[in-house]
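Just so it is clear, none of the values below were taken in a lab; they were calculated from the coordinates. Just so it is clear, the structure is predicted and the values come from calculations on it, not from any experiment. All Cβ positions, even for glycine, are placed from backbone atoms using ideal geometry, and neighbour counts span all protein chains on display.
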């Protein structure tokens, strides 16, 4: 694909698309339709190309677009908007892995959709399937005041090295990689198969860039925190180390039991010391056999011209919502005069028109830099401090100025039973209700940065419920011989460096009573927390017995004859029925 100019992406870089992928998809789709390949062979192929089936009957597909490092150019945002409008339901969905998904895409339209994406350098290749998935980076990378250096170029090099690489086209299961540069670890490295945290080591009087490499993390029904491979890996060794880890996983991952096939199970079975020895030995062999064959890592630094001066001012005096937006959604960059603006997307959804508006703001004010985040938002970077009033006015007009980004009110949710074959409950419906309840009834807590709510529609943790202050995942239970949707509620998770842990199960709550249960917990937190106390510390100090007693009134249901609405799922007026299909995330 053509080189994308610096006005588009900041540093000039190639796109990720390849026309051969499109040709192969069209050819293989034709073979499937003519009965020349089996349904299983077709499924494996389309998954590697980012195309999932949905729970709805027919040929409705979910198409996942890979967004390496979450970096998006204005032209790419406009293309995503056009795809939403032409092929989907008028909107896209930003995921917790910085991808963009489109639902209800007719299978016959997928080749044209892929072609539209390829024209701006975007691809669906290896967004799904038993491959290395999207290589993500914390969205503040490059502009964070406390990072040793920007890890984005290194993540970009890893993504390009692995994309279409024969070594990772048929792994035992999916493999996820994340990078962080900041002390807060915004890339969430401990929950990935491979996490890389930027670090600098002094050797012979000079500063050497490198990474602390973590391996074997992951969520799902058996969550596990990643462990340190080695405390410091020089940047020059990054690609050989990544290749060694992927090859060891390919060789030792469980190919007989899909439920035990992730790298975390290799670490659990063999032990971290043995896995470490295998990886370091593999890396040494790669150094000898592939000397000079690893591509060089091109390092860049994002720079901008002088900040724009404001054309007009939007006074904040008396405008509390604008002031709140500035307090919660605007973060000054390490570069003086610039800020990042976090555009909060309700449930990760963004319409075609909104995508175009964000593209225009990025081009007009920030020279074209936008990043998708692992919190399901979009961040406009390099916004001039002097132009924030103008930017806010545009966002208000486009219904994109919701305050509270990455705060309590900003609830994360997977698609759940709305489209996913494994979804049990409507996580999207609950997410909307919780956000509205917090805004309406707990306004003084809405912007609390110390607690987040994350929801999954099943135990698989696509909504990252294991790492939330308040985590919820969907299930079902019978009350008075009648089935109702429920959520397992977990409390007190944190990924803070040095004290990372998953949430602790506290109670199983009927779906329609979750908002009241969460409200009771948050009212207790507001009444009894100590100054500067984080939510996970509050959970520990309060103790499980007290917390369960607060939740107890919300864990049972009267007969449906008395309260029929409490047996319904959110966003539904039909009788709840536990229905799941064959999930393709493990196919």
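Quick check on the chain: helices-only [θ] at 222 nm, where DSSP H runs of length 4 and up contribute -39,500 (n - 2.57) each and the sum goes over total residues. Nearest 500, please.
-9500 deg cm²/dmol
Between residue 566 and residue 89, what is the label-to-label distance in nm when each label sits 7 Å out along the Cα-to-Cβ direction?
That separation, rounded to one decimal, is 3.0 nm.
For a footprinting-style exposure proxy, rank 125, 321, 381 by other Cβ within 10 Å, fewest first.
Placing the least packed residue first, the sequence is 321, 125, 381.
Stokes-Einstein diffusion coefficient for segment 92-215 at 10 °C in a medium of 1.306 mPa s, Rh from the Kirkwood formula over Cα pairs: what value in µm²/s?
It comes out at roughly 99 µm²/s.
If the chain between residue 14 and residue 255 were fully stretched, how many nm would it gain, using 0.36 nm times the residue separation less the Cα-Cα distance?
Separation in residues times 0.36 nm, less the Cα-Cα distance, equals 83.3 nm.
State the Cα centre-to-centre distance between segment 494-530 and segment 116-186 in whole Å.
Between the Cα centre of segment 494-530 and that of segment 116-186, the gap is 31 Å.
Determine, for 65, 341, the number of other Cβ atoms within 10 Å of each Cβ, and report the residues in order from fewest to most.
65, 341
Taking 1 over the mean of 1/r across every pair of different Cα atoms in segment 412-567, what Kirkwood radius in Å do you get?
So the Kirkwood estimate lands at 15.8 Å.
With each label point set 7 Å from Cα along the Cα-Cβ vector, what nm distance links residue 532 and residue 508?
4.1 nm
What full-extension length gain, to one decimal in nm, is calculated for residue 293 and residue 481 as 0.36 nm per residue of separation minus the Cα-Cα distance?
61.3 nm
Mind giving me the FRET efficiency for residue 38 and residue 524? R0 is 51 Å, r the Cβ-Cβ distance, nearest 0.05 is fine.
FRET efficiency, residue 38 to residue 524: 0.35.
Using only the alpha carbons, work out the radius of gyration and Dmax of the chain in angstrom.
My reading of the Cα-based Rg and Dmax gives 23.5, 77 Å.
If neighbour count is taken as other Cβ atoms inside 10 Å, put 480, 103 in order from fewest to most.
Ranked by crowding around the Cβ, least crowded first: 480, 103.
Roughly how many nanometres apart are two label points built 7 Å out from the Cα toward the Cβ at residue 541 and residue 580?
3.8 nm
Could you let me know the centre-to-centre spacing of segment 65-88 and segment 341-411, using Cα atoms, in angstrom?
What the calculation gives is 15 Å, centre to centre.
If you bin the C-alpha pair distances of segment 3-289 every 10 Å from 0, what whole percents do you get?
Binned Cα distances yield the sequence 6, 27, 33, 24, 8, 1, 0.
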